[in-house]
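Q: I am attaching a structure below and will ask some questions about it afterwards.
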């Protein structure tokens, strides 16, 4: 059951997720659905939120290790990769869920590209990060900067290998924040 305070507020999930090769529980595995996307499906099911997927114009390499190298370089260069069909406004929403993996201690840089272009004043922001041991990293500090003017709630970190067993954890988090 969704917390009554949140159920009557229009919600949007902005997310990035990686399908294909991923690092899960110490090994490289192929995922048909990315870990973050699994969590997004839970949030959508629980809240009825609308969904916006952040997609880069240029795909990351299929090889997981090569993707980590590209992601590290993007972070080091403070690069904003171009995204497809960026979201222009969140004016119609009161609650914004931000969901993505932890890449090198923070959000993927494509999320920076998207979030920097939105006005978060007077929005409620809830962040969920999937990871393989690094938790939230610096993502909440970066969210504070990216979502200036928002009421930013406590973030949730979920290990990638546990996403398929985390629906109740996600529901508790939604209802408690």
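The values are calculated or read from the model by the stated rules, or taken from the named source; none is laboratory data. Keep in mind it's a predicted model, so treat the numbers as computed, not measured. Cβ coordinates were reconstructed from backbone atoms using ideal geometry, including for glycine residues, and neighbour counts include every protein chain displayed.
Q: Cβ contacts < 6 Å: first residue closer than 10 Å to residue 21 by Cα, restricted to the stretch 58-72; second residue part of a loop (DSSP other than H, G, I, E, B), any location; separation 6+ or different chain. Result?
A: Pairs that qualify, where the first residue is closer than 10 Å to residue 21 by Cα and the partner is part of a loop (DSSP other than H, G, I, E, B), are 67/60; 67/61.
Q: Go through the residues of the stretch 73-82 one by one and say whether even a single one is outside any loop (DSSP other than H, G, I, E, B) and either within 22 Å of residue 157 (Cα to Cα) or touching a residue at least 40 places away in the same chain (Cβ under 8 Å) (or both). Can you show your working first?
A: Going through the stretch 73-82, the residues outside any loop (DSSP other than H, G, I, E, B) turn out to be 73-76.
Within this subset, residues satisfying the condition of being either within 22 Å of residue 157 (Cα to Cα) or touching a residue at least 40 places away in the same chain (Cβ under 8 Å) (or both) are 75.
Yes: the stretch 73-82 contains one or more residues that are outside any loop (DSSP other than H, G, I, E, B) and either within 22 Å of residue 157 (Cα to Cα) or touching a residue at least 40 places away in the same chain (Cβ under 8 Å) (or both).
Q: Could you give me the residue pairs with C-beta distances under 6 Å whose first residue belongs to the stretch 119-139 and is at positive phi and at pLDDT 95 or above, whose second residue is buried (at least 20 other Cβ atoms within 10 Å of the Cβ) and assigned to a loop (DSSP other than H, G, I, E, B) wherever it lies, and which are 6+ apart or on separate chains?
A: 137/102
Q: Another question, if that's okay. So, residue 137, is that one in contact with a strand residue (DSSP E or B) (Cβ under 6 Å, 6 or more places away or on another chain) and in a loop (DSSP other than H, G, I, E, B) or not? Walk me through how you get there before you give the answer.
A: Working: in contact with a strand residue (DSSP E or B) (Cβ under 6 Å, 6 or more places away or on another chain): yes; in a loop (DSSP other than H, G, I, E, B): yes.
When the stated conditions are applied, residue 137 passes them.
Q: Still on this structure, please answer the following. Report yes if residue 93 is part of a strand (DSSP E or B) and surrounded by 14 or more Cβ atoms within 10 Å (Cβ to Cβ), otherwise no. Write out each step before concluding.
A: On the way: part of a strand (DSSP E or B): no; surrounded by 14 or more Cβ atoms within 10 Å (Cβ to Cβ): yes.
Against the criterion (part of a strand (DSSP E or B) and surrounded by 14 or more Cβ atoms within 10 Å (Cβ to Cβ)), residue 93 does not qualify.
Q: Further question: Within the stretch 16-44, take every residue that is part of a helix (DSSP H, G or I) and free of Cβ contacts under 8 Å to residues at least 40 places away in the same chain and give me the one that is surrounded by the most Cβ atoms within 10 Å (Cβ to Cβ).
A: Of the stretch 16-44, the ones part of a helix (DSSP H, G or I) are 35-44.
Going one step further and asking which of them are free of Cβ contacts under 8 Å to residues at least 40 places away in the same chain, we end up with 37, 41, 44.
Values: 37: 20, 41: 16, 44: 16.
Ranking the candidates gives 37 first.
Q: A follow-up question, please. Whether any residue in the stretch 59-69 is in contact with a helix residue (DSSP H, G or I) (Cβ under 6 Å, 6 or more places away or on another chain) and either within 17 Å of residue 156 (Cβ to Cβ) or part of a loop (DSSP other than H, G, I, E, B) (or both) is what I want to check. Write out each step before concluding.
A: Quick first cut of the stretch 59-69, residues in contact with a helix residue (DSSP H, G or I) (Cβ under 6 Å, 6 or more places away or on another chain) only: 60-61.
Going one step further and asking which of them are either within 17 Å of residue 156 (Cβ to Cβ) or part of a loop (DSSP other than H, G, I, E, B) (or both), we end up with 60-61.
Scanning the stretch 59-69, I find at least one residue that is in contact with a helix residue (DSSP H, G or I) (Cβ under 6 Å, 6 or more places away or on another chain) and either within 17 Å of residue 156 (Cβ to Cβ) or part of a loop (DSSP other than H, G, I, E, B) (or both), so the answer is yes.
Q: Output the residue which, of all residues in the stretch 154-168 that are surrounded by fewer than 16 Cβ atoms within 10 Å (Cβ to Cβ) and in contact (Cβ under 8 Å) with a residue 12 or more places away in the chain, is farthest from residue 93 (Cα to Cα).
A: Just the residues of the stretch 154-168 that are surrounded by fewer than 16 Cβ atoms within 10 Å (Cβ to Cβ), to begin with: 154, 162, 164-165, 168.
Now restrict to residues that are in contact (Cβ under 8 Å) with a residue 12 or more places away in the chain: 154, 164.
Working: 154: 19, 164: 28 Å.
Selected residue: 164.
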